[in-house]
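A short worksheet on the structure shown next.
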Amino acid sequence: MQAALRLEGVTKRYGDFEAVRDLSFEAAQGRICGFLGPNGAGKTSTIRMILGLVEPTAGRISVLGAPDGRLIREKIGFLPEERGLYRRMTPIGAIAFLSSLKGLSTGEAKRRAKQLLEAHGLGHAMNRQIRSLSKGMAQKVQLLSALTHEPELVILDEPFSGLDPVNQQELETMIRGLAQRGATVLFSTHVMQHAERLCEQVVLIAKGRKVFDGRVEAARAAAPRKLVLEGALDPGQVGALPGLADLVAEPLEGGGLKVTATLVNGAPAQDALRAAFAQGLDITRFELKEPHLHDAFIVLTSAGEAA
């Protein structure tokens, strides 16, 4: 599949500080790619280079076939982390104005703005001043302004920040819809559940360097599975079970213990269960917990920061 976005050996230095180091990845056309990393990892610098706002110190960037995002700005939709709208404008006026900067005629921009506002539950507020809207409503207006011109590449920087659960769910639906119509979506987020549900690909960076690039399932495999046991347990006996390490014991209300342990090196949970029954351990709960993207994020970025 053709790459809508390609970075090859991209480095960005600000004086002696290296914000991004030798970063390479691709985002395929029509796919949703999560761009993840802790604060200060280099995500914002990378996004600015993709948009053409700053130049890379080294390396090459291709954005929809162009070497600079500024050359094809009418094909890009961008929601920055730092929100900002003209507070005395109305939603329909703000969206139409920003869309006209991307090449739409004034009439077409207003038509699309009205259509989007009505489709996303803001039709009743389209002629109110933005300063009178709630934070979540204003954020939806800014998001819609990034989509009105039907961009081929959509870059969303922390798009879920400030939205309640209902609007977060609506935004997830919108992002899926963008990919279904063929747009490529690159978004950064600190909420791993959104990336886990939405992304076919995740790129993780730490200290400006890539530490993972691949499918969500492969990222999760980088984190260990956990085994949870509850009952009248002796931590020493649990620790002697095969394949377990890093035990954490917590008292349960009413007596007994909850013991959480790591399954090392892909050890099968069944071995520990058989050994527990053979020893006659009093177990009331035995649960295997598969890792989530959040677990993989911690493991991979911690390793990358330590390198």
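The values are calculated or read from the model by the stated rules, or taken from the named source; none is laboratory data. Because the structure is predicted, anything quoted here is derived from the model rather than measured. With ideal geometry, Cβ positions are generated from the backbone for all residues, glycine too; neighbour counts draw on all protein chains shown.
Below is a table of values for the structure above.
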{"read-out": "Failed item, numbered, when MET89 is tested on (1) out of contact with any helix residue (DSSP H, G or I) (no Cβ under 9 Å at 6 or more places or on another chain); (2) farther than 19 Å from ALA27 by Cα", "value": "(1)"}
{"read-out": "Residue within the stretch 61-83 that is on the phi > 0 side of the Ramachandran plot and in contact with a strand residue (DSSP E or B) (Cβ under 9 Å, 6 or more places away or on another chain) present", "value": "yes"}
{"read-out": "Condition check for ARG215: of a type in the set (Lys, Arg) and out of contact with any Lys or Arg (no Cβ under 8 Å at 6 or more places or on another chain)", "value": "yes"}
{"read-out": "Scan of the stretch 186-237 for residues that are in a loop (DSSP other than H, G, I, E, B) and more than 30 Å from GLU250 (Cα to Cα), ordered by number", "value": "THR189, CYS199, GLU200, LYS207, GLY208, ARG215"}
{"read-out": "SER100, sole failed condition from (1) closer than 30 Å to ALA119 by Cβ; (2) of a type outside the set (A, V, I, L, M); (3) touching a residue at least 24 places away in the same chain (Cβ under 8 Å)", "value": "(3)"}
{"read-out": "Matching entry among LEU252, LEU233, LEU204 (being out of contact with any Lys or Arg (no Cβ under 6 Å at 6 or more places or on another chain) and not assigned by TED's automatic domain parsing to the domain that holds TYR14)", "value": "LEU233"}
{"read-out": "Residue match in the stretch 12-31 (condition: of a type outside the set (Phe, Trp, Tyr), closer than 22 Å to HIS194 by Cα, in contact with a Pro (Cβ under 9 Å, 6 or more places away or on another chain) and surrounded by 16 or more Cβ atoms within 10 Å (Cβ to Cβ))", "value": "no"}
{"read-out": "Members of the stretch 41-92 found to be under 30 Å from ASN127 (Cα atoms), in a loop (DSSP other than H, G, I, E, B) and among the hydrophobic types (A, V, I, L, M, F, W, C), listed by number", "value": "LEU85, MET89"}
{"read-out": "Checking PRO159 against (1) part of a helix (DSSP H, G or I); (2) surrounded by 15 or more Cβ atoms within 10 Å (Cβ to Cβ), the condition it does not meet", "value": "(1)"}
{"read-out": "Any chance LEU281 is under 36 Å from the mean Cα position of the chain (by Cα), at pLDDT 90 or above and not basic (Lys, Arg)", "value": "no"}
{"read-out": "Residues being without any contact (Cβ under 8 Å) to a residue 40 or more places away in the chain and not in a strand (DSSP E or B) - total across the stretch 1-39", "value": "5"}
{"read-out": "Residues that are assigned to a loop (DSSP other than H, G, I, E, B) and not aliphatic (A, V, I, L, M), drawn from the stretch 93-131", "value": "LYS102, GLY103, SER105, HIS120, GLY121, ASN127, ARG128, GLN129"}
{"read-out": "Selection within the stretch 161-191 - closer than 29 Å to ALA96 by Cα and in contact with a Phe, Trp or Tyr (Cβ under 9 Å, 6 or more places away or on another chain)", "value": "ASN167, GLN168, LEU171, GLU172, ILE175, LEU186, PHE187, SER188, THR189"}
{"read-out": "Residue within the stretch 192-202 that is more than 15 Å from the chain's Cα centre (by Cα) and either over 26 Å from ALA96 (Cβ atoms) or surrounded by 15 or more Cβ atoms within 10 Å (Cβ to Cβ) (or both) present", "value": "no"}
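Residues are listed down the side, and each one gets a yes or a no for (1) small (Gly, Ala, Ser); (2) assigned by TED's automatic domain parsing to the domain that holds THR148; (3) closer than 30 Å to ARG197 by Cα:
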{"position": "VAL10", "(1), (2), (3)": "no, yes, yes"}
{"position": "ARG48", "(1), (2), (3)": "no, yes, yes"}
{"position": "GLU55", "(1), (2), (3)": "no, yes, no"}
{"position": "PRO67", "(1), (2), (3)": "no, yes, no"}
{"position": "LYS102", "(1), (2), (3)": "no, yes, no"}
{"position": "ALA109", "(1), (2), (3)": "yes, yes, no"}
{"position": "GLU118", "(1), (2), (3)": "no, yes, yes"}
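This table checks each residue for (1) under 30 Å from LEU198 (Cα atoms); (2) assigned to a loop (DSSP other than H, G, I, E, B); (3) modelled with pLDDT of 90 or more.
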{"site": "PRO242", "(1), (2), (3)": "no, yes, yes"}
{"site": "ALA275", "(1), (2), (3)": "no, no, yes"}
{"site": "GLU287", "(1), (2), (3)": "yes, no, yes"}
{"site": "PHE297", "(1), (2), (3)": "yes, no, no"}
{"site": "THR301", "(1), (2), (3)": "yes, no, no"}
